[in-house]
Amino acid sequence: MEDFNWEEFENGTSVDISKADLQKAYDETLNKVADHQVVDGKVISVDKKEVIVNIGYKSDGIIPASEFRYNPDLKVGDTVEVYVENAEDKKGQLVLSHKKARLSKSWERVNAALENEDVIQGYIKCRTKGGMIVDVFGIEAFLPGSQIDVHPIRDYDMFVGKTMEFKVVKINQEFRNVVVSHKALIEAELEAQKREIISKLEKGQILEGTVKNITSYGVFVDLGGVDGLIHITDLSWGRVSDPREVVQLDQKINVVILDFDDEKKRIALGLKQLTPHPWDALDSELKVGDHVKGKVVVIADYGAFVEIAPGVEGLIHVSEMSWSQHLRSAQEFMHVGDEVEAVILTLDRDERKMSLGIKQLKEDPWETIEVKYPVGSKHTAKVRNFTNFGIFVELEEGVDGLIHISDLSWTKKVKHPSEFTQVGAEIDVVVLEIDKENRRLSLGHKQLEDNPWDTYETLYTPGSVHTGKITELLDKGAVIALNEGGEGFATPKHLVKEDGTQAQQGEELDFKVIEFVKETKRIILSHSRTFEEAKEEKPARKARQPKKEEAPVINNVAAGTTLGDIDALAELKAKMEKGE
């Protein structure tokens, strides 16, 4: 049976071909393929799942279609490199890999592309932080977001799955990192295009462009291959806080060329310049003294800018916001966005400047100050601030007054106003004097009560004795609060007690009035006088007897009591007492 020729039997021929000859014929017709080598193959079939490649072997190899994602234009008849993984697996199938074939030579190809500045194809696999991952010769290369296009990219996902052309711009040999760029391919072309466009530009020229990017400081407009910038101040005659209030992305707009730079290729564009300036359209009848309404657009410490028409603003200085002379910030009166009414104070159409005021909407309180705040009238005021010499108060917005420190109390010696009241508190006052020219009122607080010194004048007569308490000890003496009211002062020598010790703070003692001066509100007291003078008035218990050889001179007044039965001494005593 082994010698039976089946082929001859089936074909009806009787050709005598040996088995060795047949094997030789096969070997000459088919390629000999060794495992783990890279060979060229021809695509004979392509579908969504697999690609069939013929390498001239007795069987064809099947490769997953995913290995050709980088080349969506693959078609039957194309020659591709394949890597022979196995010439014949368990099923007798030839096992090929296109991916491994690419990888085996990919590093040399990438380096050559960088050196020769070749344009290569790559397949964008997915997004990553800062850019995209691109399959280049089977290597995963990095495509930075800024290198995808010359225009800013808003949607990265739209590039995933696309095959694009790239240039290799950087290779890290140590870590085998590859960076590619698509932008680099079109920049050279754009440069030439830009030079051509800029060469035709003229100031004042009006062009149509497309909004390609919006930033906080302005809008970039594509003029057809070259970009220009509309600064935020050139978008509108009015104030613009966000350019998106005026334009939107991809919007087509007309712009005017304000300026351009041939070398740096910068083009300054304007949008507001296409319309007349709002000041030119301002009502010609508008004049100083007229009332206008507007919206607060900018506010600072020194004042607020009010837009009375788009692009027409007036400044309300903080001094024109209130009749008050206090230094205050404009934020205390209004805020951005407030709708306000104001009076035109100045108007300069040539300089396009206008100043406004709001305090003029109210009557100046100082015009009729004598009527509302006549001398002698009583009012309640608010404490604004202190000085060493008094308290500044406000009776109403724009009407201020000063209470001198000496007019706070009839009796208490106030060293600083903070001892008497506090900022923000209310205080009752009496109008003492009006200074209309300087817009100041002199006020008093103590005048709300009767002057107690009228009573003290009859009470604290020199020589009278009163009880008081030492409230403060000083180097020069002590302050004494008298029980009937008022304060007196005693020097150290008048603070010596009968036992020879010095009186201390907090002690309550009797004091004799030495001096009372109503004009200066001064009461001088003495504690020592209360017992020294009493001693002088008391008689001595025993008089000293004179010596026989001495003249009978009596120098002790009290001796008259002991020798009262002697007429001469009695007469002398009477004379001495009378003299004293």
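Per residue of the range 420-434, in order, report the coupling 6.51 cos²θ - 1.76 cosθ + 1.60 (Karplus, θ = phi - 60°) as ³J(HN,Hα) in whole Hz, putting x for Gly and Pro.
Working through the residues one at a time gives 9, 7, 9, 4, x, 6, 9, 9, 7, 9, 10, 6, 9, 7, 10 Hz.
For the pair L249 and V298, what calculated FRET efficiency results from E = 1/(1 + (r/R0)^6), where r is the Cβ-Cβ distance and R0 = 25 Å, to the nearest 0.05?
Given R0 = 25 Å and the Cβ-Cβ separation, E is 0.35.
Could you put S528, S241, S319 in order of accessible surface area, largest first, with the 1.4 Å probe and the full protein assembly present?
S241, S319, S528
A481 versus S284, label points 7 Å from Cα toward the beta carbon: distance in nm?
In this crude label model, A481 to S284 measures out at 7.9 nm.
For D499 and S377, calculate 0.36 nm times their separation in residues minus their Cα-Cα distance, and state this gained length in nm to one decimal.
Using 0.36 nm per residue and subtracting the Cα-Cα distance, I get 38.4 nm.
For the range 368-373, in order, what is each residue's ³J(HN,Hα) by Karplus, 6.51 cos²θ - 1.76 cosθ + 1.60 with θ = phi - 60°, in whole Hz (x at glycine and Pro)?
Result, ordered by residue: 10, 4, 5, 7, 7, 10 Hz.
Zone of H231 (label point 7 Å along Cα→Cβ, backbone N under 15 Å): which residues in the range 268-294?
The answer is 268-273, whose backbone nitrogens lie closer than 15 Å to the label point.
Could you check the spin-label model distance between K49 and D259? Points 7 Å from the Cα along Cα→Cβ, value in nm.
Those two pseudo-labels are separated by 6.8 nm.
Trypsin sites (Lys or Arg not before Pro), restricted to the range 442-476: which are DSSP loop and have at most 15 other Cβ atoms within 10 Å?
Counting only loop positions with at most 15 other Cβ atoms within 10 Å, the trypsin sites (Lys or Arg not before Pro) in the range 442-476 are K476.
What accessible area per residue comes out for the range 302-442, rounded to a whole number of Å², with a 1.4 Å probe?
Counting only protein heavy atoms, the per-residue value for the range 302-442 is 54 Å².
How far is it, in nm, from the label point at V240 to the one at S409 when both lie 7 Å from their Cα along the line to the Cβ?
Modelled inter-label distance: 6.6 nm.
Based on the Cβ-Cβ distance of L103 and L274, what FRET efficiency does E = 1/(1 + (r/R0)^6) give at R0 = 56 Å, to the nearest 0.05?
Computed FRET efficiency for L103 and L274: 0.45.
Enumerate the calculated ³J(HN,Hα) couplings along the range 236-246 in order (Karplus 6.51 cos²θ - 1.76 cosθ + 1.60, θ = phi - 60°), each rounded to whole Hz, writing x wherever the residue is Gly or Pro.
These are the phi-based 3J(HN,Hα) values: 8, 5, x, 6, 10, 8, 9, x, 5, 5, 10 Hz.
Would you kindly calculate the mean projected area, averaged across all directions, of the convex hull enclosing the Cα atoms of the range 40-161, in square nanometres?
That works out to 9.1 nm².
Which of the trypsin sites (Lys or Arg not before Pro) across the range 40-115 are loop residues per DSSP, with 16 or fewer other Cβ within 10 Å?
Those satisfying the criteria are K48, K49, K58, R69, K75, K90, K91.
May I ask for the percentage of alpha-carbon pairs in the range 402-535 that lie more than 18 Å from each other?
61
What is the percent of Cα-Cα separations in the range 133-181 that go past 14 Å?
Considering the range 133-181, 52 percent of its Cα-Cα pairs are separated by more than 14 Å.
Take the cross-link list K105/K194; K129/K162; K99/K194; K125/K212 and give me the ones stretching past 30 Å between alpha-carbons.
The answer is K105/K194; K99/K194.
The values are calculated or read from the model by the stated rules, or taken from the named source; none is laboratory data. Remember, it's a predicted structure, so these values are computed and weren't measured experimentally. Glycine gets a Cβ as well: all are built from the backbone with ideal geometry, and neighbour counts include every protein chain shown. Just the protein is used for accessible areas: all its heavy atoms, side chains included, with ligands, DNA and RNA removed. Shrake-Rupley method; radii C 1.70, N 1.55, O 1.52, S 1.80 Å.
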